[in-house]
Amino acid sequence: MDKASLIGVIIGLCCAAFIAVESSHGHFAMFISTEGVAAVFGGSISVVFMAMPLAKLKCLGGWLKRFMFHKSRDPVEVIKLMTKLGEQARREGILSLETALGKIDDTFLVAGLKMAIDGTDSETIESILRMEVMAMQERHKAGKKFFDLLKLYGPGWGLVATLIGQIGMFGQLGGSIEAMGKALALAVCATMYGTVLANAVAGPIGDKLGLRSSEEILNCEMVLQGILSLQAGDNPRVTMDRMMAFVPQLTRGKLKAAA
């Protein structure tokens, strides 16, 4: 579970509930507009279907899971693992790493180690792994794109519903006060729905997915450098130094002290 995501969701829900209770005094029906829901959420869904292929949209569950559950390895753990593998390869030979493959749950690292164990040259290893990183980056872009579309067009559909509500209200001038109130409620609720969708849901999720993607790509680059160093037969300390470039100075000092 990503604790930061969970804390953010809880704080947001609590703030929204507090404001709703204080402003409505328990009459929550005033915040409900079926026309506004249809316009903002239905319209936003139509936009993502028009803008993205269906095959990508089927991954929505995975994107939400990625937002709430984070499995990416910490950079410090990556450095420690690669240093340990480097020491084993230096001591027992690179073929000895074959026994460690079953204990590693990182498919990117396992793929690179298999190529190194099989004697693949460093240029080929780097080329193949970089293509893997590029493909991963494209997959991650789709998830962020989905929520960016909601963030962009949700308020736009809210504005459409607002304008429709205002036109309906002006059309009822001099007529039933109830009809005017309903049209005004549509206008205000639709604006609220669009704003909430963009700023409290789609925007934060899209930004978190973008951050997760950057972290995973950084980890892959660290692993790549470690594998190339390991395949070249470098001293484990050299392997560690190559990977240290990806972590802050304070973390580097702690790692060197622990080593």
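Here are some notes:
- Cα-based helix-to-principal-axis angle, 203-231 vs the chain, degrees rounded to 10: 10 degrees
- Size of region 156-198 from its Cα atoms: along the principal axes, largest to smallest, the extents are 36, 14, 6 Å.
- The length gained by stretching the chain between LEU163 and LEU57 to full extension, at 0.36 nm per residue less their Cα-Cα distance, is 35.2 nm.
- Relative contact order (%) - the chain, alpha-carbon pairs under 8 angstrom, separation at least six: 30 percent
- Under Karplus coefficients 6.51, -1.76 and 1.60, residue-wise ³J(HN,Hα) of region 39-53 in Hz, glycine/proline x: 5, 6, 6, x, x, 5, 5, 4, 5, 5, 5, 6, 8, 10, x
- Computed FRET value (nearest 0.05) for ALA100 with VAL201, which takes r as the C-beta separation and R₀ as 41 Å: 0.45
- Peptides 180-187, 45-52 ranked from most to least packed by the mean count of surrounding Cβ atoms within 10 Å: 180-187, 45-52.
- Converting phi to 3J(HN,Hα) with the Karplus coefficients 6.51, -1.76 and 1.60 and the offset θ = phi - 60°, region 110-115 yields 4, 4, x, 5, 4, 5 Hz in sequence order, with x at every glycine or proline.
- Long pairs among LYS80/LYS103; LYS3/LYS103; LYS58/LYS144, criterion Cα-Cα beyond 25 Å: LYS3/LYS103
- On Cα atoms only, tilt of 177-196 relative to the major axis of the chain in degrees: 10 degrees
- Summed residue charge, Cβ within 12 Å of LYS151's Cβ, Lys/Arg positive, Asp/Glu negative: 0
- Taking the longest Cα principal axis of the chain as reference, the axis of helix 122-171 is set at about 10 degrees.
- About its Cα centre, the chain has a charge dipole of approximately 260 debye under the convention of +1 per Lys or Arg Cβ and -1 per Asp or Glu Cβ, with nothing else charged.
- In this structure, the pairs whose alpha-carbon distance is over 28 Å, taken from LYS56/LYS151; LYS84/LYS145; LYS65/LYS151, are LYS84/LYS145.
- Of all aspartates and glutamates in the structure, the ones whose alpha carbon falls short of 20 Å from that of LYS182, not counting any fewer than 8 places away in one chain, are GLU35.
- When each of the peptides 217-223, 113-119 is scored by the mean number of other C-beta atoms lying within 10 Å of its residues, the order from highest to lowest reads 217-223, 113-119.
- Packing rank of 22-30, 95-103, where each peptide gets the mean count of other beta carbons within 10 Å, highest leading: 95-103, 22-30
No lab work stands behind these numbers, since they all come straight from the coordinates. Bear in mind the structure is a predicted one, so any value in this text is a computation, not a measurement. Quick reminder, even Gly has a Cβ in these numbers, built from the backbone with ideal geometry, and neighbours come from all protein chains shown.
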